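Taken together, the values in this text are just the output of simple stated rules run on the coordinates, not laboratory data. As the structure is a computational prediction, the values presented were derived from the model and not from experiment. Cβ placement follows ideal geometry from the backbone for every residue including glycine, while neighbour counts extend to all protein chains displayed.
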Amino acid sequence: MQGLKPLYFIIGWIFFGTGVAGAFLPVLPTTPFMLLALWMFSKSSDRFHNWLYNHRIFGPPLQRWQQYHVIPWSAKLAAIGMMLISFALMLIYSGWAWWVYLLVGALMSYGMWFILTKPSYPPDKNTKPVAHRS
């Protein structure tokens, strides 16, 4: 595992850069890439893991996810909206077999279900955070 640290570190920065680009591009999400960067840094650099986790801009959503699995309502709407638009464009402009549409639709439906089953806000102060899995 020691030998993979530089690779995790490089991939962490790639995900971080992609996440930063997502902050400015409407079709690219930010938080999923930051979560991936955070995980990569957790495997390669405590310094950069702590830096990203406590970052002024990117830290709070990462902390809410890690502690309570929160996905804000605005992020849910954006994600589901982009999935629906993507599926509609795929139906209109691609000439794939029916089973491909079915498979993609099933995967997107699972993604929507996952997103919608997560809380939109952190719980009250008396609720314990979610246990971490390393």
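Residue separation times 0.36 nm, minus the C-alpha to C-alpha distance between Ala23 and Ala106: what's the value? Stretched fully, the Ala23-Ala106 segment lengthens by 27.1 nm. Against the main long axis of the alpha-carbon atoms of the chain, helix 59-68 sits at an angle near 80°. Per-residue ellipticity at 222 nm, computed for the chain from helices alone with -39500 (n - 2.57) per DSSP H run of at least four residues, works out to -22500 deg cm²/dmol. Ordering Met90, Met40 from the fewest to the most neighbouring beta carbons within 10 Å gives Met90, Met40. Rounded to the nearest Hz, the phi-derived 3J(HN,Hα) couplings of region 70-82 under the Karplus curve 6.51 cos²θ - 1.76 cosθ + 1.60 (θ = phi - 60°) are 8, 10, x, 4, 5, 5, 4, 4, 5, 5, 5, x, 5, where x marks glycine and proline. The mean sequence separation of alpha-carbon pairs under 8 Å and at least six residues apart, normalised by the residue count of the chain, gives a relative contact order of 22 percent.
With 0.36 nm allotted per residue and the present C-alpha distance subtracted, the Lys76-Gln2 stretch has 22.9 nm of extension available.
Coupling constants for region 26-38 follow from the phi torsions by the Karplus curve (6.51 cos²θ - 1.76 cosθ + 1.60, θ = phi - 60°), and in residue order they are x, 8, 10, x, 9, 4, x, 6, 5, 5, 5, 4, 4 Hz; glycine and proline get x. Where does the Debye-calculated log10 I(q)/I(0) of region 1-70 sit at q = 0.23, 0.27 Å⁻¹, using only Cα point scatterers of equal weight, no solvent? So the normalised log intensities work out to -0.96, -1.18.
Karplus-based coupling profile of region 97-103, in residue order and whole Hz: 5, 4, 5, 5, 4, 5, 5, with θ = phi - 60° in 6.51 cos²θ - 1.76 cosθ + 1.60 and x standing for Gly or Pro. The alpha carbon gyration tensor of region 73-116 gives principal lengths a ≥ b ≥ c with a/c of 1.5 or higher and a/b no greater than b/c, which makes the shape oblate. The alpha carbons of the chain occupy a box of 48, 42, 29 Å along the principal axes, longest dimension given first. Using a simple spin-label model with pseudo-atoms 7 Å out from Cα toward Cβ, Ile14 and Leu89 lie 2.3 nm apart. Among the chymotrypsin sites (Phe, Trp or Tyr not before Pro) in region 7-107, those placed in a DSSP loop whose Cβ has at most 14 other Cβ atoms within 10 Å are Trp96.
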